[in-house]
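Heads up, the thing below is written out as structure tokens.
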Number of protein chains: 2
Amino acid sequence: MLDTPGKLLDAAERLFATEGFSAVSLRQIIAEAEVNVAAVHYHFGSKLELLDQVIMRKAGPVNKERLELLDRAEADANGNPEVEAILSAFMLPMAQTATDNPLFPKLMGRMQSEGILSDVIERNFQPVITRFLVALRKAVPHLPDNEFRWRIHFMQGAIACAMSSEPHAVSHPVDDGGFRKRIERLIVFLGAGLRTPSAGEKPHKPSGKNK
Amino acid sequence: MLDTPGKLLDAAERLFATEGFSAVSLRQIIAEAEVNVAAVHYHFGSKLELLDQVIMRKAGPVNKERLELLDRAEADANGNPEVEAILSAFMLPMAQTATDNPLFPKLMGRMQSEGILSDVIERNFQPVITRFLVALRKAVPHLPDNEFRWRIHFMQGAIACAMSSEPHAVSHPVDDGGFRKRIERLIVFLGAGLRTPSAGEKPHKPSGKNK
DNA sequence: GTCTATACTGAGATAGAC
DNA sequence: GTCTATCTCAGTATAGAC
């Protein structure tokens, strides 16, 4: 059997991913892990730090592979990969993780939605995020800077929704091609949204029609 | 001064929108509204039903106007409005509300993100949602049905993120042109994402290249 | 019909015995 | 390292004053 922290991490991962963070009580987690109430605070400090560890445990390898894929995409495209290639580099590691562990992307989506990716996490993700933002910025140079920022913001929401999949679905999509297929759909959608000219911009030629 | 339910609704709206639903306690709300703890239970039944009323109070008029704008858009386009026109009909009433009451779109975004738009609310919104889904479906007839469903799902996430604006921003967008401008950006982004051909689909001619 | 006071249950967190 | 007991504060419920 696993040790106490391991049992707690497993139980927490499962419950957080399926029920959400605030909906799950520490009592549920410790019951599932078959340990004592105080174990969480002894090993992790708080419910939120437990979540941190749950995420970190899986996020490290995913982020590492994201960067490697982005490196390769940039090498393949002489430093200027297409939007879709960049998005693929970001998403594919998630898809691969999802085949082993379908709970992890669900968890990430849920936590993003609940707005509780704590500071610790944000710091852990920041190198990856800024790296991808720079790459995306280069891929859509025609966009005004603030337009770009807003589109990234919109994209974030779409990604979170795509990951957690079913929570408050109004459209009831069906996962016919598996998680991988879902991500391909998302990339097509986001790629088109990101690369489209901003309002008032000429479709293909940036013919500086004043400001 | 307002009556007790009115004071509670105002306080709850402000706090829910700025702090989130689960982050705000009933004690905070009743303190702000300067009423007794039991008032919430007496007038509304529970914290969740209080939220219901907070939303319903503002959502009714917004939804009504949404349907009117959609009717007009369909009339103007002989029954086949463009994607962007449909999205405008959905979003503009929010933008107008936002000028009087910036808290309401923020609240809607937050609640959507937290996944606690309760069943009562969902039932209240459903007529509007299905009406818009039908219109959008007609505007992108080239998409396979499941592709369409997924894109709506992605769109939902982007809208929620756009509404609540700043919570967990990694891109730090600036609201230069006001809420109205933000919505215009969103429509351009979503319009491009929705209308783009699905993977394996020919750009402009649906030349049935096998299944 | 309304509001106040107060009690109940269950949450997260902590101190200290073992 | 682990467990018991306990603290504080959340949402909820009820009894009874006005």
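The values are calculated or read from the model by the stated rules, or taken from the named source; none is laboratory data. Keep in mind it's a predicted model, so treat the numbers as computed, not measured. Cβ coordinates were reconstructed from backbone atoms using ideal geometry, including for glycine residues, and neighbour counts include every protein chain displayed.
Quick test for you: out of A:Val54, A:Val37, A:Val83, A:Val62, pick the one residue that is β-branched (Val, Ile, Thr) and in contact with a Ser or Thr (Cβ under 9 Å, 6 or more places away or on another chain).
None of the other options fit; the residue is A:Val62.
Taking the options A:Arg151, A:Arg180, A:Arg123, name whichever one is more than 10 Å from chain B (Cβ to nearest Cβ), at pLDDT 80 or above and closer than 25 Å to A:Ala59 by Cβ.
Numbers: A:Arg151 fails: more than 10 Å from chain B (Cβ to nearest Cβ); A:Arg123 fails: at pLDDT 80 or above.
Step by step, each of A:Arg151, A:Arg180, A:Arg123 is checked, and only A:Arg180 is more than 10 Å from chain B (Cβ to nearest Cβ), at pLDDT 80 or above and closer than 25 Å to A:Ala59 by Cβ.
Could you tell me which numbered condition A:Ala17 fails, if it satisfies all but one of (1) more than 13 Å from DNA strand C (Cβ to nearest atom); (2) surrounded by fewer than 17 Cβ atoms within 10 Å (Cβ to Cβ); (3) closer than 25 Å to B:Val24 by Cα?
The failed condition is (2).
Among (1) touching an Asp or Glu at 6+ places or on another chain (Cβ under 7 Å); (2) closer than 21 Å to B:Arg185 by Cα, which single condition is A:Cys161 missing?
Result: A:Cys161 passes all but (1).
Just give me the residues in segment B:109-127 being touching a Phe, Trp or Tyr at 6+ places or on another chain (Cβ under 8 Å) and assigned to a helix (DSSP H, G or I), in sequence order. Break it down stepwise before answering.
If we filter segment B:109-127 for residues that are touching a Phe, Trp or Tyr at 6+ places or on another chain (Cβ under 8 Å), which is where we start, we get B:110-111, B:114, B:116-117.
Scanning segment B:109-127 gives B:Arg110, B:Met111, B:Glu114.
Of the conditions (1) facing chain B (nearest Cβ under 9 Å); (2) within 23 Å of B:Leu194 (Cα to Cα), A:Glu114 satisfies every one except a single condition; which number is it?
That leaves (2) as the condition not met.
Scan segment B:17-64 for residues that are among the small types (Gly, Ala, Ser) and farther than 30 Å from B:Pro127 by Cα and jot them down. Don't jump to the end; show me each part of the working.
From segment B:17-64, those among the small types (Gly, Ala, Ser) are B:17, B:20, B:22-23, B:25, B:31, B:33, B:38-39, B:45-46, B:59-60; that's our starting set.
Correct list: B:Ala23, B:Ser25, B:Ala31, B:Ala33, B:Ala38, B:Ala39.
Given (1) touching a residue at least 24 places away in the same chain (Cβ under 8 Å); (2) out of contact with any Pro (no Cβ under 8 Å at 6 or more places or on another chain), where does A:Gly177 come up short, assuming only one miss?
(1)
Check A:Lys138, A:Lys106 and return the single one that is surrounded by fewer than 19 Cβ atoms within 10 Å (Cβ to Cβ) and assigned to a helix (DSSP H, G or I). Walk me through it before giving the result.
On the way: A:Lys106 fails: surrounded by fewer than 19 Cβ atoms within 10 Å (Cβ to Cβ).
One residue alone meets the criteria, A:Lys138.
One residue is enough: does segment B:50-57 have a residue meeting the conditions modelled with pLDDT of 95 or more, crowded, with 18+ Cβ neighbours inside 10 Å and more than 30 Å from B:Val134 (Cα to Cα)?
yes
Looking only at residues that are over 19 Å from B:Ala162 (Cβ atoms) and of a type outside the set (S, T, N, Q) in segment B:183-202, which one is farthest from the other protein chains (Cβ to nearest Cβ)?
Filtering first and then ranking leaves B:Lys202.
Assess whether B:Ala39 counts as being modelled with pLDDT under 95, out of contact with any strand residue (DSSP E or B) (no Cβ under 6 Å at 6 or more places or on another chain) and either surrounded by fewer than 13 Cβ atoms within 10 Å (Cβ to Cβ) or outside the structural domain of B:Phe104 (by TED's automatic domain parsing) (or both). Outline the logic, then answer.
Values: modelled with pLDDT under 95: no; out of contact with any strand residue (DSSP E or B) (no Cβ under 6 Å at 6 or more places or on another chain): yes; either surrounded by fewer than 13 Cβ atoms within 10 Å (Cβ to Cβ) or outside the structural domain of B:Phe104 (by TED's automatic domain parsing) (or both): yes.
No, not satisfied.
Please give the helices (runs of 4 or more DSSP H) falling wholly within segment B:1-77 in which 1 or more residues are away from chain A (no Cβ under 14 Å) and more than 15 Å from DNA strand D (Cβ to nearest atom).
Values: elements: B:4-19, B:26-33, B:37-43, B:47-76.
Where helices (runs of 4 or more DSSP H) fall fully within segment B:1-77 and carry at least 1 residues being away from chain A (no Cβ under 14 Å) and more than 15 Å from DNA strand D (Cβ to nearest atom), they are B:4-19, B:47-76.
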